[in-house]
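See below for the structure under consideration.
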Amino acid sequence: MSPRRASTDTISSWWVGWRLARYLPKRYVFCGLLWVVVIAFPIATGLALRALFDRFSHGAEASLQEIAWLLAAFVALDLVRQALFWLAVATWPYWWNSMQTLMRTNVLRSILCARGPAATRLPASSGEALNRFRDDVEDILLLVDIWVDLTGDAVFAAIALVIMYQIDSSVTLVVALPMVVIIVVTRALSDRIKATHSAARAAAANVSEQLGGLFGGVLSLKVAGAEKAAIKRLREHNAVRRDLEVRARLLTDLLDTLTASSVELSTGLVLLLVAPAMRSGTFTVGDLALFTAYVGWLAGLPRRVGRTLYRLRQTSVASGRLVRLLAEHEDEHDLVAHNPIYLREPAPPAPPPAPIDAPFQRLDVESITAVHESTGRGIVDVSLHVDRGELVVVTGAVGSGKTTLVRAILGLLPIESGTLRWNSEAVVDPDATLVPPRVAYAAQVPRLWSASLRENLQLGWPVDDAGLDEALRLARLGEDVAEMTDGLDTLVGPRGVRLSGGQLQRALAARALVRTPELLIVDDLSSALDVETERALWNGLLSSDRAGPPFALLVVSHRPAVLARANRVIVLDAGRILEPTVLA
C-alpha cells in the first residue's frame, strides 16, 4: 500500500497560486501589467481633472483654448484607458482557460492513470465530482487573478497617496486611516470565512448527490410511490445549503459594506477638513476634485486586501477538495504540475499500447480480501485461477461479492491482502498492469457517451475498420449496425438511449473485443438478451475462428447458457467461495 497523503489542511494557498502563476509566466506578466495599468490609470485622469478645475476656478484668467485642450486631454486619457481595458479583456481569457485546463487535466490524469484504485477517492456522486472540477478550480484561479487586481490597487494607492500627501499631509493621513481599519476587521473574519465556505461546499455536494439520485432513479421512485419523500429530502438538503450560502454571502457583503462605508466616511472627512484651507486659498478646487476622485479608487485597496484574505481561505478549501481526488501518493504539487496542455494546437496522438512481453498463460488469484469501507462488505480469502483458453464463471446470489471480486482483480478496488499473479509473476499494481491489450473489461452497467457508436467502441484505441468489423461480428452486433441509417456513425445519445438494452450490452462486448485482449472479463453481460441472441453471443466469444489471439474468459453470470459452457464455476456466498466446480 502507498503511504497516506499528508492532511490537506496544511496546503499553502500562496504556494499553489504562485505555482500556477509560473506556468505561463510571460502571458501572466503581460496580461497582468495591462490590468495594473488599467487599474492605476485614474492617477493620470485625476491629475487632468485637477488641472481642468483649477483653470475653471481662475475665471477670466483661464483662456477658452486652455480649457479646450484640458478637456481634450481628459477625454483622450479616458479613451486610452478604455482601449487598454478592452485589450486586457481580450488577452486574459487565454491564461484563465489554460489554468483551468491544467488543473482539470492533472486531476483527470490522476483518476484515470495514477496507480491505486480510483474508486476510493471519488465522491459518492458524479455531480459532486463535477462541482469540484468546476467550482473548486475556479476558486483557486480567483486567488491568482485577484493578485493582479491587488497589485494594480497597490500601485495606484502608492502614487495617489504621495500626490495627496504633497498637497495636504493631514488630510491624506485621515483618508488612509479607514483602510487600515478594514484590513484589521477582514483579518479577524478570515477563519470564520474559511469554515463557512467549507461547510457551504459540503452542503452543495449533498444537494448534487441528491439530484443525481433523483434523475438516475426516476422509475424506481415512481414504482415505489416515493416521489414526495424524495422531494422532501431534497428540500431539507437545499435548506441547509441555503442557510450556509447565505452566511457565506453575508460575510462577503459585510466586508464590501465596510469598504463602501469607508469611502463615504473618507469623502466626508475630506470635505470637513479642507473647508478652512479652501477659504484661505491653500487648498484649491482642483485639489478637492483630485482628492474626491482618488478617495473612491483608494477604497479598492482595502476591498481587494479583504477579498484576497477571503480568497486565501477559499483556495485552501478548494485545493484540499481537489487533492482528495488524487492518488494517495500525490499531493498539491501534482495538482498544479506543469504538464503540457493543448488549446490552440492539436494534441499529439496517443502512444500505441505497450507490446505484450509474453503470451498469456495463466492468471492466479491467491487468497485476496477486498472490503468496501462504507459498508464493511466485500470478499474474503478468495482464490481462483484462469488458464489460457478457459471459461471460468463466477456466480452466486445478489450481494455475494461477484462484482467486488472482478473490480478487485482489475485494481478498481484496493486489495487488503492476497496476491495476483500474471504468468506466475506477482502483479504489484493491477490497475496499471491488467489493462488492454492484456485484459479488457465489460462492466455490468452499460456506459456509453453521447457520440457515434464508432467513437464509443474505440474510445481512442487505435483500430481500423477491419478490427471494428471483427469485434462487431464476434459480439453479434454486426447485423444491428447494418440496419442503422448511419451505421457505425450513428449517434447513440446520452448513455446510449437510442440503443436497446441488448444492443448496449453487445456494444460493451464489442468495445472490449476491439482491444483484442488475452483475458476478457465480463460482468453479467447477457442479462438483457433473449435466448437466441445470448446463444449467438457466446458462440461468437468462444469461437475458434477469431482474427485475434486466443483468450481466456472470466465471467460473472448466473445464466444457464454460460454455466453450461464453463470449465469451472466459482460459487460465492457472503464474500467467500463455497465450492469450485469442474464442468468440463
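The values are calculated or read from the model by the stated rules, or taken from the named source; none is laboratory data. The structure presented is a predicted model; accordingly, all values stated were derived computationally and were not measured. For neighbour counting, all protein chains shown are included, and Cβ atoms are generated from backbone atoms with ideal geometry for every residue, glycine included.
Mind listing whichever residues of the stretch 122-149 are surrounded by fewer than 18 Cβ atoms within 10 Å (Cβ to Cβ) and charged (D, E, K, R)? Across the stretch 122-149, the qualifying residues are R134, D135, E138. Might you check whether a residue that is in the same structural domain as E518 (by TED's automatic domain parsing), within 27 Å of V386 (Cβ to Cβ) and of a type in the set (S, T, Y) occurs anywhere in the stretch 435-453? The answer is yes, given that some residue of the stretch 435-453 is in the same structural domain as E518 (by TED's automatic domain parsing), within 27 Å of V386 (Cβ to Cβ) and of a type in the set (S, T, Y).
Against the test of being in the same structural domain as L301 (by TED's automatic domain parsing), out of contact with any strand residue (DSSP E or B) (no Cβ under 7 Å at 6 or more places or on another chain), part of a helix (DSSP H, G or I) and surrounded by fewer than 15 Cβ atoms within 10 Å (Cβ to Cβ), the options L33, L47, L77 yield a single qualifying residue, L33. The single condition from (1) surrounded by fewer than 16 Cβ atoms within 10 Å (Cβ to Cβ); (2) within 21 Å of T101 (Cα to Cα); (3) modelled with pLDDT of 85 or more that A347 fails is (3).
Checking each residue in the stretch 533-584 for being modelled with pLDDT under 70, among the charged types (D, E, K, R) and outside any loop (DSSP other than H, G, I, E, B) picks out only E579.
Quick grid of which residues meet (1) modelled with pLDDT of 70 or more; (2) buried (at least 20 other Cβ atoms within 10 Å of the Cβ); (3) touching a strand residue (DSSP E or B) at 6+ places or on another chain (Cβ under 8 Å):
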{"position": "T151", "(1), (2), (3)": "yes, no, no"}
{"position": "A157", "(1), (2), (3)": "yes, yes, no"}
{"position": "I163", "(1), (2), (3)": "yes, no, no"}
{"position": "Q166", "(1), (2), (3)": "yes, no, no"}
{"position": "S169", "(1), (2), (3)": "yes, no, no"}
{"position": "L177", "(1), (2), (3)": "no, no, no"}
{"position": "T186", "(1), (2), (3)": "no, yes, no"}
{"position": "R192", "(1), (2), (3)": "yes, no, no"}
{"position": "T196", "(1), (2), (3)": "yes, yes, no"}
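The residue that is nearest to A327 (Cα to Cα), among those in the stretch 88-108 that are among the aliphatic types (A, V, I, L, M) and surrounded by 14 or more Cβ atoms within 10 Å (Cβ to Cβ), is V107. Condition first: assigned to a loop (DSSP other than H, G, I, E, B), of a type in the set (G, A, S), on the phi > 0 side of the Ramachandran plot and at pLDDT below 85. Can you find one or more residues in the stretch 485-495 that meet it? Scanning the stretch 485-495 turns up at least one residue that is assigned to a loop (DSSP other than H, G, I, E, B), of a type in the set (G, A, S), on the phi > 0 side of the Ramachandran plot and at pLDDT below 85. Counting only residues that are more than 36 Å from the chain's Cα centre (by Cα) and of a type outside the set (D, E), the stretch 385-414 holds 11 of them. Taking the criterion of being without any contact (Cβ under 8 Å) to a residue 40 or more places away in the chain and out of contact with any Lys or Arg (no Cβ under 7 Å at 6 or more places or on another chain), the residues of the stretch 376-398 that qualify are G376, V398.
The stretch 382-459 holds strands (runs of 3 or more DSSP E) entirely within its bounds, and those carrying 1 or more residues that are farther than 17 Å from A370 by Cβ and polar (S, T, N, Q) map to 391-396. Looking only at residues of the stretch 461-475 that are within 22 Å of L491 (Cβ to Cβ) and buried (at least 20 other Cβ atoms within 10 Å of the Cβ), we find that the one that is modelled with the lowest pLDDT is A475. Determine if the stretch 440-460 includes at least one residue that is in contact with a Pro (Cβ under 8 Å, 6 or more places away or on another chain), crowded, with 17+ Cβ neighbours inside 10 Å and farther than 26 Å from V531 by Cβ. Within the stretch 440-460 (the criterion being in contact with a Pro (Cβ under 8 Å, 6 or more places away or on another chain), crowded, with 17+ Cβ neighbours inside 10 Å and farther than 26 Å from V531 by Cβ), the answer is no, since none of the residues qualifies. Taking the condition part of a loop (DSSP other than H, G, I, E, B) and of a type in the set (K, R), does R115 pass? Here the answer is yes, as R115 does meet what is asked. Going through (1) under 17 Å from the mean Cα position of the chain (by Cα); (2) under 24 Å from R313 (Cβ atoms) one by one, W147 falls short only on (1). Checking every residue in the stretch 454-475 against the condition of being in contact with a strand residue (DSSP E or B) (Cβ under 9 Å, 6 or more places away or on another chain) and free of Cβ contacts under 8 Å to residues at least 60 places away in the same chain gives zero matches.
Just one residue in the set R279, R307 is at pLDDT below 85, surrounded by fewer than 16 Cβ atoms within 10 Å (Cβ to Cβ), assigned by TED's automatic domain parsing to the domain that holds R201 and among the basic types (K, R); that residue is R279. Residues that are of a type in the set (G, A, S) and loosely packed, with under 11 Cβ neighbours inside 10 Å were ranked within the stretch 353-373; the one that is farthest from F551 (Cα to Cα) is A354. Scanning the stretch 348-362 turns up one or more residues that are touching a residue at least 12 places away in the same chain (Cβ under 8 Å) and in a strand (DSSP E or B).
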